[in-house]
Amino acid sequence: MTEIKIIDNFLLELEYNHLISSVVKNQYFPWWYSPVTTEEYGVFNQCSEFENYQFTHVLYYDNMPKSDYYQLLFPFLNHLKVKSLIKAKLNCNPNASKIVEHGYHIDTIDSTYNSTTAVYYLNDNNGYTKFQSGEKVESTANRLVLFPSKISHTGTTCTNAQCRYVLNINYF
């Protein structure tokens with residue numbers, strides 16, 4: 001599918017290591033519990049799976065930075081040549097006893113305005129991003145997948161790592 005672009009080794013090693021030490025290896029990094037909900041064409045449906053939850057950290061939303069860690073986005077904003085940021089957040093999906101797909105959704109209502117979604121994988125694990133076309137992108141550390149925000153997709157849990165860490169950026 002030509003609309004989905006995968007870039008391995010997206011960040012320079014120094015940038016990647018800084019992100020990992022700031023988030024993944026930082027025991028004091030603030031995470032907030034969030035039941036996973038899906039937004040399909042403006043309708044929110046809370047998933048019922050027991051293991052279908054995550055921890056999130058919003059970096060940018062509603063036209064302003066929402067976190068003291070906002071600067072972690074700078075390498076992404078530069079490399080992606082972001083003109084306007086819509087939303088950016090980190091997701092932490094704890095290890096589960098089985099792979100749970102969270103539910104197909106689009107990330108933002110701005111998807112009708114040709115916005116782009118970037119999903120960046122912070123660590124290796126057996127979770128993935130799946131598109132309604134059936135295409136899957138495996139969670140590989142320092143991999144970025146880009147696609148039009150209008151494409152419905154789902155994330156998952158993982159079973160072979162302590163957590164699945166993902167940065168999600170929506171932008172123009």
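No lab work stands behind these numbers, since they all come straight from the coordinates. Given the structure is predicted, the values throughout are model-derived calculations rather than measurements. Counting neighbours? That spans all protein chains shown, and the Cβs are built from the backbone with ideal geometry, glycine included.
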Taking square-rooted eigenvalues a ≥ b ≥ c of the alpha carbon gyration tensor, is the chain rounded, prolate or oblate, where a/c under 1.5 means rounded and, failing that, a/b exceeding b/c means prolate? rounded
Of all the Cα-Cα pairs you can form in the range 47-136, what percent are over 18 Å apart? 55 percent
With +1 at each Lys and Arg Cβ and -1 at each Asp and Glu Cβ, the charge dipole magnitude of the chain around its Cα centre, to the nearest 20 debye, comes out at 200 debye
At what distance in nm do the modelled label points of Ala161 and Gln71 sit from each other, each positioned 7 Å from its Cα along Cα→Cβ? 2.5 nm
Let's see if you can work this out: charge +1 on each Lys and Arg Cβ, -1 on each Asp and Glu Cβ, no other charges. What is the dipole magnitude of the range 47-136 about its Cα centre, in debye to the nearest 20? 240 debye
Please give the calculated 222 nm ellipticity per residue for the chain, where each DSSP H segment of at least 4 residues contributes -39500 (n - 2.57) and the sum is spread over every residue; nearest 500 deg cm²/dmol? -2500 deg cm²/dmol
If each K or R counts +1 and each D or E counts -1, the residues other than His79 whose Cβ falls under 15 Å of its Cβ total +1
Net charge (Lys, Arg +1; Asp, Glu -1) of residues whose beta-carbon lies under 15 Å from that of Val166, Val166 excluded, is +2
